[in-house]
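The values are calculated or read from the model by the stated rules, or taken from the named source; none is laboratory data. None of these values were measured; they are calculated from a predicted model. We place every Cβ from the backbone using ideal geometry, glycine too, and count neighbours over all the protein chains shown. These accessible areas exclude ligands, DNA and RNA; they are computed on the full protein's heavy atoms, side chains included. Shrake-Rupley method; radii C 1.70, N 1.55, O 1.52, S 1.80 Å.
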Amino acid sequence: MATHRFTPTLYYNVIGSLPPALHVADGDTVITETLDAAGYDKHGVHRISGPNPMNGPIFVEGAEPGDSLKVEILSMVPTRDTGFTRSVVASNVVDPQDVRALPASEKVIWQIDREALTTRLAEPVAGLEAFTLPLAPMIGCFGVAPSLGQAISTATSGEFGGNMDYRLLGQGTTIWFPVAAPGALFFLGDCHAVQGDGEIVGTGIETTFEVTVRLSVEKKKTIIWPRGETADDIFTIGNARPLDQALQHATSEMLRWLGSDYGLDKTAASHLLGQVVRYDVGNVFDPAYTMACRVSKSWLTRR
């Protein structure tokens, strides 16, 4: 298996069937450096406008519609000493009568200590003078070309992945995307140093990373929505608005997965999910919301 160091010459604000920037074989590893969500590189040079510029597309040999693209996130290394967020929660996450009382949302800078792997506000506000967070790197936006030749904005998400902003999509996680175009056409970008559930200020701590992923094709493994696995859990992702529709997509995909890989019929899967499922909010800021349906591996036995 080969390792490719991919340095883009173009970046895209859509995920779609665009000319491949790189061809790789099934099982190859790709190392690439991302821009931040506003299009700035690790040196602070503005390369392209936002939202969420993507590296890619990467054509994976052998991937065909009906297959799944397996993406193993092998490492995420921060490449800049600063990141940014917005300063105030989004208006859609508070009661309507409270919206007028919210302060204006401004861009604020966070300092990143790449040796200690921590981050803190560059200009701490009252009450948060000692507020220091451990880094928890994650990929905010990535996925494969959608069906029907569509090119969809990196501001949103769908069956193909996209701007899901789910905090478990970081180093050590494996995620599967449904292939809808020859070569899968994989895109990657928009990495966060830290982010809470929901991305409720409209950003994570947006910065730049060197990301290493392994790309593999799983033939005739047909899925509808993204699936993921960490050391402890499996999860499925639904992207839609309203939030209950995203939850429905994620739950239906989990029922399919529990049946195909774990031998649980709908009744058995319902008993399991009814008592041990965990629902995580990935994103409630973007046009499509993201919900993850998560189950601990401790309850599961593959069949």
* To do: Please state which of the following conditions residue 8 fails to meet, knowing it meets all the rest: (1) open to solvent by less than 50 Å² (accessible area, probe 1.4 Å); (2) under 23 Å from residue 228 (Cβ atoms); (3) assigned to a loop (DSSP other than H, G, I, E, B).
  => (2)
* Subset tally (residues that are among the small types (Gly, Ala, Ser) and not in a loop (DSSP other than H, G, I, E, B)) for segment 113-136 -> 0
* Would you confirm whether any residue within segment 103-115 is polar (S, T, N, Q), under 15 Å from residue 196 (Cβ atoms) and either outside the structural domain of residue 202 (by the TED database) or touching a residue at least 24 places away in the same chain (Cβ under 8 Å) (or both)? => no
* From (1) within 19 Å of the chain's Cα centre (by Cα); (2) surrounded by fewer than 24 Cβ atoms within 10 Å (Cβ to Cβ), pick out the condition that doesn't hold for residue 290. => (2)
* When only residues in segment 159-178 that are in a loop (DSSP other than H, G, I, E, B) and open to solvent by 10 Å² or more (accessible area, probe 1.4 Å) count, which is farthest from residue 76 (Cα to Cα)? -> 159
* Asked: Could you say which residue among 62, 39, 56 is in contact (Cβ under 8 Å) with a residue 40 or more places away in the chain and open to solvent by less than 40 Å² (accessible area, probe 1.4 Å)?
  -> 56
* To do: Quick one: residue 44 ticks every box in (1) open to solvent by 10 Å² or more (accessible area, probe 1.4 Å); (2) within 16 Å of residue 207 (Cβ to Cβ); (3) touching a residue at least 60 places away in the same chain (Cβ under 8 Å) except a single one, so which number is it?
  => (3)
* Asked: Take the residues of segment 179-196 that are open to solvent by less than 20 Å² (accessible area, probe 1.4 Å) and in contact with a helix residue (DSSP H, G or I) (Cβ under 9 Å, 6 or more places away or on another chain): which is farthest from residue 38 (Cα to Cα)?
  -> 181
* Which pairs have Cβ atoms under 7 Å, sit 6 or more apart or on different chains, and link a residue in segment 262-287 that is assigned by the TED database to the domain that holds residue 245 and free of Cβ contacts under 8 Å to residues at least 40 places away in the same chain to one that is of a type outside the set (Lys, Arg) and in a loop (DSSP other than H, G, I, E, B)? -> 272/264
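Residue-wise test of (1) under 12 Å from the mean Cα position of the chain (by Cα); (2) touching a residue at least 12 places away in the same chain (Cβ under 8 Å).
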site: 120; (1), (2): no, yes
site: 126; (1), (2): no, no
site: 138; (1), (2): yes, yes
site: 147; (1), (2): no, yes
site: 152; (1), (2): no, yes
site: 157; (1), (2): yes, yes
